[in-house]
Structure formats: structure tokens, C-alpha cells
1. Residue by residue through the range 58-92, note down the ones that are of a type in the set (Val, Ile, Thr) and open to solvent by 20 Å² or more (accessible area, probe 1.4 Å).
2. Look through LEU135, LEU164 and report the one residue that is under 27 Å from ILE13 (Cβ atoms) and open to solvent by less than 40 Å² (accessible area, probe 1.4 Å).
3. Just for the range 167-192: of the residues that are part of a loop (DSSP other than H, G, I, E, B) and of a type in the set (D, E, K, R), which one is nearest to TYR71 (Cα to Cα)?
4. If you take the residues of the range 43-58 that are over 20 Å from the mean Cα position of the chain (by Cα) and within 11 Å of ARG22 (Cβ to Cβ), which of them is farthest from the ligand (Cβ to nearest atom)?
5. Hey, VAL115 hits all of (1) of a type in the set (A, V, I, L, M); (2) under 18 Å from GLY63 (Cβ atoms); (3) buried (at least 19 other Cβ atoms within 10 Å of the Cβ) but one; which does it fall short on?
6. Could you identify the single residue in ALA189, ALA197 that is more than 30 Å from VAL109 (Cα to Cα) and either of a type in the set (Phe, Trp, Tyr) or within 16 Å of the ligand (Cβ to nearest atom) (or both)?
7. Can you tell me which residues in the range 169-190 are open to solvent by 20 Å² or more (accessible area, probe 1.4 Å), touching a residue at least 40 places away in the same chain (Cβ under 8 Å) and in contact with a Ser or Thr (Cβ under 6 Å, 6 or more places away or on another chain)?
Amino acid sequence: MELIRRLHLMREISQEARGRGRKIGLVPTMGALHDGHLSLVRRARELCDLVVVSVFVNPAQFGPNEDFDRYPRDLTRDADLCVQEGVDYLFAPSGEEMYPPGYRTWVEVEGLSDVFEGASRPGHFRGVATVVLKLFNIVRPHFSFFGQKDGQQVVIVQRMIRDLNLDVELVVCPTQRDADGLALSSRNAYLDPDERAAATCLYRALERARELIEDQGVRDARQVEAAMRQVIESEPLARLDYLAITDTETLERVDEIDRRVLVALAVWIGETRLIDNMILEPRKRGAHATMEEARP
Ligand code: PAF
């Protein structure tokens, strides 16, 4: 594996690989790699001839009072993991090269960027869309791999790809979870043992939504939200930021759950803000949830 720091080198490598007809896969990350990232790398390895992992803690997607300075960084460990996974190139550009003095161009995916995660973190998705487009332009991947864990990010990047006619296919991989359901995230490293235990409330709330929507056929979104809220509120270390049941493409809130929906939430556990989501599908009317129920 080769560590590439300079934009022009990455570009040359990609251009040459494309010229030889090799399929390039990009896994964009901010480093502090965990099994969630590695599952994306493994999928990329299956689908592509050449796998590039980018590590760039993108200042443009952090607000002034957010955790940019303390975000975990360990490029040596990230590089070791990439070697183990058979990554071809680890692309770790500098902030100065990505955003040189005089930088002024931003990508805004209107309507999708200012709700939920975007309402709590103004400017976050402008920073995400901008850096992802820059990475696409530098690495020129055929496929790019994203985790469903960042559900709104996936919707926004997909919209940007369509709207700007980008020649890259998004591959969305399932959220990786610890045994107790907590979604893997670099920010889990901030949690102390009590907070780590409390953090399972996000998954428990989503599981409650899944039971109501998929097993019990509940269609009233407000009823589901109330049940999820109860799960979070019964956890003393947790403070709900938002929860939302939305259309999977437009991110508009739904009242009646009559199609696949994105159920997403953000919760503060002490000083750490965690997000999670599930895509849930309502049970067909008249269908039975289990074989047990189906018996006369
Ligand atoms: O999901 C992330 O880690 C980041 O938002 C991304 C896509 C690497 C852009 O900085």
C-alpha cells in the first residue's frame, strides 16, 4: 500500500489506472478507522480493482463549537488497518492543499442540508458535499462506498451525484453494530463506561420503531415517535436532539407510514452527540407478522 499526500500524485495514479481500464473504488473517511469503515473497504475490494481510502478530517464540516480539534487522529494505525485489508492507496491530503488560501467554492444541496442533522449542525452538509465532490474530482472513482449509519449524508451525496451528473456510483453498506446494537462510530471513543452503556438507547429506540412499524403494522408516525422518545427519556444520561420519520429521498416528514421510511435520531450522551437510523418498511395490510400470528 502506498500513502499519498499530494493531490497531483493521487490524480496521476487514478488517471493512469483509468487508462488501463481498472475500476477504482473510493472509501472516503475522516480516519480513526473502525469495523464500520473496514466493512466498506471489504465491499470495495470485492467490486473494484483498485481501492483508495481517503483520510481527511474535513474542517469545513465542523461548526465553531464542535469537536474538530479533539476528533481522534491516528494515521499510523489507520495505515496498518488499510494494509491488512489490502487497500492500494491511502490518500491523506493536507488541509492547506484541500482548502488553499483564497478558497471560495461550496456545494449546497438545497432543502436536504438544512433539516435534522443540518438544522443541529448548520453548514455541516455544505462542508460534506464540498469535500466529497473534491475527493471525487481528485480520485475519479467508479464507485464510492458510504455507510448507511450516516443516513442523511447518503441521501445528500446521492442527490448531488444525480443533480451534477457525476460519473460515480454510490454503494451504500449496512450499519455495523456492536453486539448490544450500538452503531460503530469514531465518536464512541469519547464515551466513558456509563455513557457507553447508556448509548444503547439509540438502538433500543430504533428497535422499538421497528417493532411498531414492521411487526405491529402501526402507521401513525407520531405514535412511533412518542414511543421512541419514551425510550430515550427513560435513560438519565441521554438528551434527545431530534428524531424524525421521513421519506427516504426527500427527507420530508411523513404522517402516515405507508411506504419505506427513514427513521433517524440524534442523541446527546453526556458531551457526545451520536446519530443512528434504520430504513423501515410498513407491514402490508392484512399480512401477518409472524408464523405464530398467522395460525388460525
Ligand atoms: O462520513 C464521513 O466520515 C465524512 O462525512 C466524509 C464522507 C468522509 C466527508 O468528510
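The values are calculated or read from the model by the stated rules, or taken from the named source; none is laboratory data. Quick caveat: nothing in here was measured; it's all calculated off a predicted structure. Every residue, glycine as well, gets a Cβ built from its backbone with ideal geometry; the counts of neighbours run over all protein chains shown. Accessible surface is based on the protein model in full, side chains and every heavy atom, while ligands, DNA and RNA are left aside. Shrake-Rupley method; radii C 1.70, N 1.55, O 1.52, S 1.80 Å.
1. THR76, VAL83
2. LEU135
3. Among residues in the range 167-192 that are part of a loop (DSSP other than H, G, I, E, B) and of a type in the set (D, E, K, R), the one nearest to TYR71 (Cα to Cα) is ASP192.
4. Result: ASP49.
5. VAL115 satisfies all of (1) of a type in the set (A, V, I, L, M); (2) under 18 Å from GLY63 (Cβ atoms); (3) buried (at least 19 other Cβ atoms within 10 Å of the Cβ) except (3).
6. ALA189
7. Matches in the range 169-190: GLN176, ARG187, TYR190.
Yes or no, residue by residue, for (1) in contact (Cβ under 8 Å) with a residue 12 or more places away in the chain; (2) not in a helix (DSSP H, G or I):
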| residue | (1), (2) |
| --- | --- |
| ARG162 | no, no |
| ASN165 | no, yes |
| TYR203 | yes, no |
| LEU212 | yes, no |
| VAL218 | yes, yes |
| ILE232 | yes, no |
| ILE245 | yes, yes |
